[in-house]
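The values are calculated or read from the model by the stated rules, or taken from the named source; none is laboratory data. Not measured: the values here are computed from a predicted model. Note that we place each Cβ from the backbone using ideal geometry, even for glycine, and neighbour counts take in every protein chain shown. When the accessible area is computed, the model is the full protein with side chains, heavy atoms only, and any ligands, DNA or RNA have been set aside. Shrake-Rupley method; radii C 1.70, N 1.55, O 1.52, S 1.80 Å.
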Amino acid sequence: MYSLDIFLLLGLGLFSIGLIGVLLRRNALFLLMAVELMLNGANLILVTFARAHADSMPAAMAGHVAVLVIISVAAVEAAVGIALIVALSRTSQGNINVDTLGELQG
Amino acid sequence: MDMQNLFATVIAAMTLASALMVVLSRNAIYAAFFLLLTLLGVAVEYAILNAHFLAVIQILVYAGAVVVLIVFVLMMMGFGRGGFQGFLPAGRQIALSVGLLVLLLGAGGLGGLLGEPLRPAPMASPSNTPIGQPSPKALRPALQWAKSPVPPPFLASAEIRTQPTAQENFGSVRTVGAYFITHNALIFELISVLLLMAILGVMVLLRGQQAAPNTSTTVVGSSHGASSHSA
């Protein structure tokens, strides 16, 4: 019988590193990757608590279903976000620094 | 510390190190590959937690779709060359302190759990809890069609054929799928609508734009837009 604390710590670490990345980097693609890190941290904690409540069997699958929903929404977010970045870089000559892109039609 | 816990700890350390490299690396291509390593590490942790279906889905969706998309766009648009577009000017301390504050708050909340370690519960036997028959309270009124006295034939035949143990039952494709379809069927359908909207949205976003002379024109959806304009 092993402890599940290491998974909770890993989820917390992934979320914090992703948050630092979102606040620190200015390249839009790095922002997307950091958001993926944050989503993975939250997913790992959901799966961990589903495992911690494995004795209530059908209801424990709700955590896994929530992770499935989050994964599909994250894939949609990545696709639309990358399309936005590509469209943005065409109108702004390859500049995807989110600090200098402050104008509409920019 | 038994073998499983040691393995989980080693994988967790590797995952955290590569997540740090995603944030700190200067070249975007390196960041994308470290992101791939992080996601694979999370998939291994899913497998340790008996979430086998989610581990497969994690590798399929993230390594198969998201990272490939990021690497494709990086190589096509050449964002990786300049790569390091600077940190937030004069805000590095703010970002680091906010991130470390969240880390400390979470660690403080986790400290209550660490006093008494979170243990995995023994897995329930599938005979106590039939999967294909959710409790009537969980069914939404709009989905009464899903509540039938007889379980669907594929579930019944699977139960007769194999009668899996609790270890195989937790987190398997059949269990997660049956729970998803019977309890959250509306969300399941909404996800398909969302995926369709994402496909259409990407095509509309990149439709018929004139590409810059130095960039390639082979973008997903742009060729479709160009052909429809010429036609």
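Regarding A:L88, is this residue more than 7 Å from chain B (Cβ to nearest Cβ), in a helix (DSSP H, G or I) and either within 15 Å of B:A19 (Cα to Cα) or in contact (Cβ under 8 Å) with a residue 40 or more places away in the chain (or both)? Working first, answer last.
Working: more than 7 Å from chain B (Cβ to nearest Cβ): yes; in a helix (DSSP H, G or I): yes; either within 15 Å of B:A19 (Cα to Cα) or in contact (Cβ under 8 Å) with a residue 40 or more places away in the chain (or both): yes.
It is true that A:L88 is more than 7 Å from chain B (Cβ to nearest Cβ), in a helix (DSSP H, G or I) and either within 15 Å of B:A19 (Cα to Cα) or in contact (Cβ under 8 Å) with a residue 40 or more places away in the chain (or both).
Checking each residue of region A:40-52 against the condition of being within 7 Å of chain B (Cβ to nearest Cβ) and in contact (Cβ under 8 Å) with a residue 60 or more places away in the chain gives no match. Only residues that are open to solvent by less than 10 Å² (accessible area, probe 1.4 Å), in contact with a Phe, Trp or Tyr (Cβ under 8 Å, 6 or more places away or on another chain) and farther than 30 Å from A:D55 by Cα were counted across region B:26-50, and they come to 2. Inspection of region B:21-30 identifies no residue that is at pLDDT 90 or above and among the small types (G, A, S).
Of the residues in region A:25-51, how many are in a helix (DSSP H, G or I) and open to solvent by 10 Å² or more (accessible area, probe 1.4 Å)?
The first filter runs over region A:25-51 and keeps only residues in a helix (DSSP H, G or I), leaving A:28-51.
Still in the list and also open to solvent by 10 Å² or more (accessible area, probe 1.4 Å): A:28, A:31-32, A:35, A:38-39, A:42, A:45-46, A:49, A:51.
The total comes to 11.
From the list A:A66, A:A34, which residue is facing chain B (nearest Cβ under 7 Å), modelled with pLDDT of 90 or more and within 25 Å of B:L110 (Cα to Cα)? Working first, answer last.
Numbers: A:A66 fails: facing chain B (nearest Cβ under 7 Å).
Result of the check over A:A66, A:A34: A:A34.
In region B:167-202, which residue that is in a helix (DSSP H, G or I) and small (G, A, S) is most open to solvent (accessible area, probe 1.4 Å)? That would be B:S192.
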